[in-house]
Each structure stands twice: as C-alpha cells, then as structure tokens.
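The values are calculated or read from the model by the stated rules, or taken from the named source; none is laboratory data. Here the structure is a predicted model, which means the values were calculated and not measured. No Cβ is skipped: glycine too gets one built from the backbone with ideal geometry, and neighbour counts run over all protein chains shown.
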Amino acid sequence: MSLSIELKTMIWHDHLDAGHAEIGSKLPTVADLAAQYKVSMPTIVKAVGMLADEGWVTSRKGSGVYVAKQALAQEEANVNNNENQKKIGYVTADISSTIIYHAMRGIEYAARKSNVALEVACTNFQLEEEERQIVAMRERGVDGVVLFPTTFRNRTREYLSYRFTDYPIVVLDLYEPSMKRPHLLFDNVAAGREMTRYLIDHGHTNIAFLRPDIEPLRSVDDRVIGYREALAEAGIGREQHVLINNMAELSKYHGYERFLDCVHEVLELNPRPTALIGYYDYVVPDVISCLKHYGLSVPGDMTVVGFDNLVQDYRVDWPTTNPDFVRMGEWAAELLIEGIEDGVDAIKDTRIVMPCPLLINRGQTVQSGNGLQTLWPKSKVRVQTREKVVSPVK
C-alpha cells in the first residue's frame, strides 16, 4: 500500500470520522498535516486529493480544505442502517505510528469480513486517557476492544488486572503479565537470538546492544534475552550494553549532543564493537549519522542492525526484522469477536505468539538455523497458558 493511501486513511480517522468534524468545518492546512504525520506537503496534497475524489472533503481555492456534506451524510446513513450491528474498538497510543497503523489495517479487515463496525481512539501515550477511552467506548455500546497499550504504565497497579474483567479486551504486542488478558505478541526472543546469530555467522564477536534509557520495554527485554542466548551458544562471554537516548528519531532536534555521547561511549568500549544492535529501526539512522560524524563508515567499519522494518526510505540499508502487524491486527480482531460471541471466559487464557523473521535485504527474508518461519502460517498457534497446551487454531 502506498504512503499516500495510508495517509488518506489516517487523515480520515483523525479529522473526518464521525464525531471529529462538522459539515463545512475546515481541516488543518497542508503544512500542519505534513508536520503532524512527518511527511512532505506534496504527499499530503495527494492524500487529500484522494479524499476529495471520494467526496469526503472539498477544496476552496485560496481558502483551504473543508468537510463535505456528502461525507458526514453518508456516515449518518451508515449508522442508521446498522443500529444492531456489533461494534469493536481499537484503542491505541499513537495512530500515526507505522506499526500501530498497520495493526489497524488488519483490525479493519477482520471487522469488515465479520460485518462488525469499528471505532478508533488515540490516547497520546497517556495511561489515564487509555482507561478513559475504554470506559467511553463501553458506554457507547462498543462490544469489546483491541488495545495497543501505551508503554508508560503503573506496573504495581495495572488497571487491566482489576477493571473491565467482564469486558472483552485483547492486547497487542506490548503485553505485560500483570494485564491478565488474552494477547498477541511477536517472538522477540527468537528475533534477538537470530539477529545475533546472523552477526556471529558474519564474523562478529564484539557485538553491542543499544538499549533505551527509559523504563523496561517487554519487546526490547525479550530481544536482549535472545542476544544473550546467541552469545552464550557461540561461547562468547562478553556482553556489551549501552543506554541510548530513547527519543532517537527526534535526536537531531532535541539532544543530538546526548546522542553523540551515547555513540562515543560505544566507540570507547574495549574491545571496540564491530557490530551494533539498535533496539528498533528508528534508532538506526541516527546511529549511522553519529558513526559518520566520528569518521566511521557503515557497514565498512561498523555493522548496524535494527528491528521491525520501520524505515524504508533511508539511503543506507541494514538488516532488520519483518513482523506482520497487519496480520497481528487481523487475528486480534478475530479473537475479540470470538470473545464477544462466546463470552470472555472463552478467550481469557489465550496467548498467540507470532514469528518475527529476519529481513537482511528489504523485500527478502531468510530461513534461520532453527527453522524460524519466513512465511506467515495459515493458522494461528494458540497457547492456552492455563493448560499449557499448544494447538493449531483453524
């Protein structure tokens, strides 16, 4: 799917969906939208043009872009025709995130297949807002929620462990055991292990793992476990960890000196690493930039790898992983619909672990030594944690 098409959907959800705008109201300027979604203005113009072609907005020369009557009239007609239709919600931290948006595509696809309506809410990484949005959706008659949780949580008093216990909620990716909910996540232990094995197979024995300087993240912690396992397996006892600025993607504008210091710390390690593992892809371009600042080339002097296949238009390529967040969203919505139809108890102990294949060159996956899947399975692998039974789900 092209970036313009993805942006069209994102603008629709953020600015045109029912309750967000009134007929004739003005949308933000092209410049403001470009800043919001961190893309170029020509890309926004193309996305807005698609919305105009579909009748959602109208452009007034010299004035701006406005919500068209056809858009909200059609939305009201859909509501009136589907009063008895089941509804599911998607509550997420930041809808503009590539990962979160891809999951939404899968959720929307599953909802459409099952003739279920979909509501979307963004929490802007605020835990209290996340809880409030779930309450609001339940009060509006939404039958259940897929939750892509915010990372900043109260782990000593996780509200999901004691609130909404009779309400179907399925958690995506950033799951913590204290949530006590059915969930889907990627096998990040295997991803960290396979990425480290790949580096070892290519002659690297001094490998540093760049970790975020914030509270622990489950996905990052799992990758570190895999990293350690691969080092131990190869008889390499040396672990090298460096805390790195979590605001990596903004570091050129906020704290670039701090980021340079982090990379300088890497280069001062003895022995100096020959390979760096970034905790996810957004950190890698800034790492490469800092290495070049210190006169090193990538991958000539230093190999850098990442995770999640997030940056696809950078001038330098690097090994990463290729998790299918669209499929994760689809399966989460299917599981949620099952819980709505059969009751919360039918899905409460469900844990679905999905493969996370390596992507050495963009558009190409590799088969790992232990058979890590590079193609998505036709059926889920559901782990019933209470019974500790692994079984395929048709």
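Numbers for the structure displayed
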| quantity | calculated |
| --- | --- |
| Residue tally, condition within 19 Å of the chain's Cα centre (by Cα), modelled with pLDDT under 90 and acidic (Asp, Glu), over the stretch 194-229 | 2 |
| Criterion (modelled with pLDDT of 85 or more and over 20 Å from residue 198 (Cα atoms)) met by exactly one of 243, 267 | 267 |
| The stretch 159-179, subset over 25 Å from residue 226 (Cβ atoms) and surrounded by fewer than 20 Cβ atoms within 10 Å (Cβ to Cβ), residue modelled with the highest pLDDT | 167 |
| Test: residue in the stretch 371-391 that is at pLDDT 80 or above, in a strand (DSSP E or B) and surrounded by 20 or more Cβ atoms within 10 Å (Cβ to Cβ) | no |
| Any hit, the stretch 117-127, residues being on the phi > 0 side of the Ramachandran plot, out of contact with any helix residue (DSSP H, G or I) (no Cβ under 7 Å at 6 or more places or on another chain) and either in a loop (DSSP other than H, G, I, E, B) or hydroxyl-bearing (Ser, Thr, Tyr) (or both) | yes |
| Meets criteria (surrounded by fewer than 20 Cβ atoms within 10 Å (Cβ to Cβ), out of contact with any Phe, Trp or Tyr (no Cβ under 6 Å at 6 or more places or on another chain) and of a type outside the set (Gly, Ala, Ser)) for residue 124 | yes |
| Qualifying positions in the stretch 7-58 - surrounded by fewer than 15 Cβ atoms within 10 Å (Cβ to Cβ), modelled with pLDDT under 85 and out of contact with any strand residue (DSSP E or B) (no Cβ under 8 Å at 6 or more places or on another chain) | 18, 19, 20, 38, 53, 54, 55 |
| Residue ID - farthest from residue 185 (Cα to Cα), chosen from residues in the stretch 115-164 that are out of contact with any strand residue (DSSP E or B) (no Cβ under 9 Å at 6 or more places or on another chain) and polar (S, T, N, Q) | 115 |
| Per-region count, the stretch 274-293, residues of a type outside the set (A, V, I, L, M) and in contact with a helix residue (DSSP H, G or I) (Cβ under 6 Å, 6 or more places away or on another chain) | 5 |
| Residue within the stretch 314-332 that is part of a helix (DSSP H, G or I), at pLDDT 75 or above and within 19 Å of residue 194 (Cα to Cα) present | no |
| The stretch 284-320: number of residues that are among the polar types (S, T, N, Q) and touching a strand residue (DSSP E or B) at 6+ places or on another chain (Cβ under 6 Å) | 3 |
| Whichever residue in the stretch 138-158 is at pLDDT 85 or above and in a loop (DSSP other than H, G, I, E, B) and, among such residues, is nearest to residue 97 (Cα to Cα) | 149 |
| Qualifying residues in the stretch 196-214 (those that are in contact with a Gly (Cβ under 9 Å, 6 or more places away or on another chain) and closer than 24 Å to residue 264 by Cβ) - the one surrounded by the fewest Cβ atoms within 10 Å (Cβ to Cβ) | 209 |
| Among (1) in contact with a helix residue (DSSP H, G or I) (Cβ under 7 Å, 6 or more places away or on another chain); (2) modelled with pLDDT of 85 or more, the one test that residue 4 misses | (2) |
| Residue in the stretch 90-112 that is nearest to residue 137 (Cα to Cα), counting only those that are more than 17 Å from the chain's Cα centre (by Cα) and buried (at least 20 other Cβ atoms within 10 Å of the Cβ) | 111 |
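Matching residues to (1) over 26 Å from residue 322 (Cβ atoms); (2) without any contact (Cβ under 8 Å) to a residue 60 or more places away in the chain; (3) touching a helix residue (DSSP H, G or I) at 6+ places or on another chain (Cβ under 8 Å); (4) part of a loop (DSSP other than H, G, I, E, B):
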position: 115; (1), (2), (3), (4): yes, yes, no, yes
position: 131; (1), (2), (3), (4): yes, yes, yes, no
position: 136; (1), (2), (3), (4): yes, yes, no, no
position: 164; (1), (2), (3), (4): yes, yes, yes, yes
position: 167; (1), (2), (3), (4): yes, no, yes, yes
position: 185; (1), (2), (3), (4): no, no, yes, no
position: 195; (1), (2), (3), (4): no, no, yes, no
